[in-house]
1. Residues of the stretch A:195-206 being under 18 Å from A:D222 (Cα atoms) and surrounded by fewer than 24 Cβ atoms within 10 Å (Cβ to Cβ), which ones?
2. For the stretch B:223-256, give me each residue that is part of a loop (DSSP other than H, G, I, E, B) and of a type in the set (A, V, I, L, M, F, W, C).
3. Quick one: is A:Q177 assigned to a helix (DSSP H, G or I), within 14 Å of chain B (Cβ to nearest Cβ) and open to solvent by 10 Å² or more (accessible area, probe 1.4 Å)?
4. From the set of residues in the stretch A:224-252 that are within 7 Å of chain B (Cβ to nearest Cβ), open to solvent by less than 10 Å² (accessible area, probe 1.4 Å) and among the hydrophobic types (A, V, I, L, M, F, W, C), which is nearest to A:E285 (Cα to Cα)?
5. Examine the stretch B:501-523 for a residue that is more than 23 Å from the chain's Cα centre (by Cα) and surrounded by fewer than 16 Cβ atoms within 10 Å (Cβ to Cβ), and state whether such a residue exists.
6. Only one of B:R189, B:R219, B:R212, B:R241 is more than 23 Å from B:A155 (Cα to Cα) and either in contact with a Gly (Cβ under 8 Å, 6 or more places away or on another chain) or in contact (Cβ under 8 Å) with a residue 12 or more places away in the chain (or both). Can you tell me which?
7. Could you list all residues from the stretch B:534-552 that are open to solvent by 60 Å² or more (accessible area, probe 1.4 Å) and either assigned to a strand (DSSP E or B) or at pLDDT 85 or above (or both)?
8. Determine, yes or no, whether B:R50 is in contact with a Lys or Arg (Cβ under 8 Å, 6 or more places away or on another chain), within 14 Å of chain A (Cβ to nearest Cβ) and either modelled with pLDDT of 85 or more or more than 30 Å from B:G158 (Cα to Cα) (or both).
Amino acid sequence: MSLTVPGPSRFLSPEVVAGLGTLELKARTIVEGLLLGLHRSPFRGSSVEFAEYRQYMPGDDPATVDWKVYARSDRHYVKKFEHDTNVEVQLLVDISASMAYGSGPGMTKLQYAQCLTAALAYLLTGQRDAVGLGLYDDQLRNYVPAAVKAGQLTRLLIALDHAAPGAASDTATALQQVRDRLRRRGLVVVCSDLLDDQARVVEGLRLLRARGMEVVVFHVLDEAELTFPFEQAGTFRDVETGEQVLTHGPSARQAYLDAVGAWRATYVTELRAAGVDYQLARTGEPLDLTLLGWLGSRGRTL
Amino acid sequence: MGFLAPIFLAGLAAVAVPILLHLFRREIAPPVPFTAVRFLQKRTIERQERRRIQDPWLLLLRVAALSLLALAFARPYVRTESTTRPPVVLAIDVSYSMGAPGRLAAARAAATAVLAQLPADTPVSLVAFADRVSVLAETTTDHGAVRAQLAAVQAGHGTTRYAGPLEAARGLLDGRPGRVVVVTDLQARGWARGTTSLPDNVELDVLGVGARIDNVLVRDLTVTRDQARVVVSNAGQVPARGTVTLSHEGGPAATQTFTLDGGVSRDVVFAGPHGGGAYTAQVSDEAGFPGDNQRHALLRDQAATTIQVLVGDAVERPLALFVERAFAALGTEADGAYAVQIAAGAPALASAALADADLVFWLSATGVDRRAVATLEQWVRDGGRLVVACGPSLDPRVADVVTRPFGITLSGGGTPSASLGGLVAEDPRHPVLAGLGQARQDLARATVSEACDMGVTGSASTVARFGDGRPALAEARVGAGHLVVLASDLGRRWNNLPVQAAFVPVMGELARHMLGDGAGARVSLASVEDARYQRPGVWPVGPRAQRAAVNVDVAESDQSVMTADEFRQAIARPPADEARVARVRATRLERDQGWWRYGMALLAVALVAESLIARRTPAAEVVS
């Protein structure tokens, strides 16, 4: 089952990204593509307390360029302010067994989540935000506290690169463990297929919101999970629970699509009600397009 | 319906494999891994479908393919009453006695008459025989072709032997019931070299042709430098007059007349001096057998055939005494002059020293290095003729170096034994022993006190044994080379063979056996292997390809005949092996019907159809 981006696109297809070398290269490629599309940085601080100069990067707001420095040195520098470095972002990636699923030649859900998270980490550390990482399945497996220090991005990328599919997912428990570790308000980004106890997941995210955190959920789903393209009768085995169901693809498709549609709709409704940003991430779609879609729907910059 | 190899029917059990695969195929198909199984509804109708055969045509074709394969390997045939008639083998005598005026024509007429009486669809084979057998026509229903072969049959130079054609007929019939018709002049000596058997399901007809005729023949021709002696015989019953001519190398002939009463032989002498070369003596005899009217002889230019006796050192020359004396005695024959040379020491064993030796006796190796004797092995391989006599002066371990490569091992020796006894023939028909006649008794009476332990393996064969059963005389051939090994000595130390009356004849027969008659000057026609020289004359068929005289066997001129009943009685008629007959019949039926070919063709069709149908059926989708 081949998934392709329809028509010519300036975005990077997941197949192309999957073929790139290291996770850092993937992240940089995604972010550079994203910034070229925006022509202005989505991140802009509001503090007046000066922190440092940084060399101008494509996407930076030209308003932040210090023209006096340019006059002296003939180089573009932008001024960074204290608040820009105080955003604490915790990236949470679901590494449960179901995330290893992939129906096409492109990425599995886990690979997609890795690239998405790496791109965010690259973007945020570039802005001197404190970025941390949590990998979880039925509990928090790997946790890198948010920090602003040299080598943080490398640590994050190494942790992400070493992520291997684990057991069944229990997002609520993982969120509880993360909640206990967070010291201050900030942003929590969750990349998961949310194939879990729906009520508990929503409750966990709501509790995070109650702690004053901004929460973003990237709902990573494979094309086959969204369209159920199977044409033959056969036994389907759940990769997490081992449950086997014998069914016939075409005749079971409509009921499946209805069930999945209702399940997603519940998430969208419940999470919006809780003030959680929800963004569907289809593994067949370009990563930068997914990021852009979220930013667009968010309607404001960080 | 029957099967040649019913064991392969067990392969029919394999048809269960595709049936089981079709029934349980879905059970063994791996489940599809998926994530959102919680949203799928179980469908109970699928369970009922699993027990059904999904692709009955595919199943049918696969079962058919396996069944056809098993059936084809089982080689089926349909048991039918054979419509073919029992085959007939016509065996016609072409020995030179059939060359008597009108005799072969009568034989042809008799055979043609038999052929004419046979139904047109009777399979017929045609065999011509003398001392060799040739199948002129394989089993065929084309009687015209058999007649054509029959018309071309000519009398040859061979001697009548009845066993050959009957064995050939047995092979041609291959166990089937049939009929053998032998057309011959019924010479009694045709059974002289042994009899044979014919299964009782084979009918035997013997058609005798020809009557006793008056025949004058050249019985013998010996040429020395002084004289040429022609022995002329009148095998008829009335006096005969005629001329004898003697020609030298095809040159002008000397002629003498003779008069002979019936049943009388006479020497006709042509005085010398005669030079070396080929001589032909011929009598004029229009009424007798043309084949025995002439005889060839060879007078060699060299003085004699060289016999070399090898001893270890000069002191042991007396060991060669008896061999030397024996050949000296044999050398008195006009055409069999032998020159015996005694050589001593290691140099005598070199190939160059043996180059001129026609026959070598190795009696002693005292003082000779083991490596030096190894040259004898190569000499034999190069066509040399060697007699090894194990004895007190020839250590069996040294002699073994030469004899072992030819399959004759020597060991032990030197242990006196009272139980060895004399020499007993292993096969009285062996040329060395057959020529001795009653003198074989002398060998059996000889006293042997000691002998080496001899082992005979591979292509080597035992000629005679001691009284206790141990091999005494063995021989081996390698190409033109010939090796004879005696396990006891020839110097009267371990036995008294040299003083037996049979000793000189044994030496003569041994030399005749290894070199040919007249020290290689005469070779019997029956022993000539080269087809170019299987006719009377002087040809290069002697030892080391020397020229030798080849003549017909005058025994064929013996007109003693037997009756057809006596002929039949000479043949053993064992009951036919019914199991073998049935097996041969089944094999023929299977071969003629060839059902397995149709099975294999159908198998190919089934496999092609199976692959076409299987390709049309979409494969189950597997999601990784």
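1. A:D196
2. Quick first cut of the stretch B:223-256, residues part of a loop (DSSP other than H, G, I, E, B) only: B:224-226, B:235-239, B:249-253.
Scanning the stretch B:223-256 gives B:A235, B:V238, B:A253.
3. Considered against the rule, which asks whether it is assigned to a helix (DSSP H, G or I), within 14 Å of chain B (Cβ to nearest Cβ) and open to solvent by 10 Å² or more (accessible area, probe 1.4 Å), A:Q177 comes out as no.
4. Among residues in the stretch A:224-252 that are within 7 Å of chain B (Cβ to nearest Cβ), open to solvent by less than 10 Å² (accessible area, probe 1.4 Å) and among the hydrophobic types (A, V, I, L, M, F, W, C), the one nearest to A:E285 (Cα to Cα) is A:A224.
5. The answer is yes, given that some residue of the stretch B:501-523 is more than 23 Å from the chain's Cα centre (by Cα) and surrounded by fewer than 16 Cβ atoms within 10 Å (Cβ to Cβ).
6. Numbers: B:R189 fails: more than 23 Å from B:A155 (Cα to Cα); B:R219 fails: more than 23 Å from B:A155 (Cα to Cα); B:R212 fails: more than 23 Å from B:A155 (Cα to Cα).
Result of the check over B:R189, B:R219, B:R212, B:R241: B:R241.
7. Result: B:R535, single match.
8. Judged against the criteria, B:R50 is a match.
The values are calculated or read from the model by the stated rules, or taken from the named source; none is laboratory data. Being a predicted model, the structure only gives us computed values, none of them experimental. Cβ atoms come from the backbone with ideal geometry, glycine included; neighbour counts cover every protein chain shown. The area values use the complete protein model at the heavy-atom level, side chains included, leaving out ligands, DNA and RNA. Shrake-Rupley method; radii C 1.70, N 1.55, O 1.52, S 1.80 Å.
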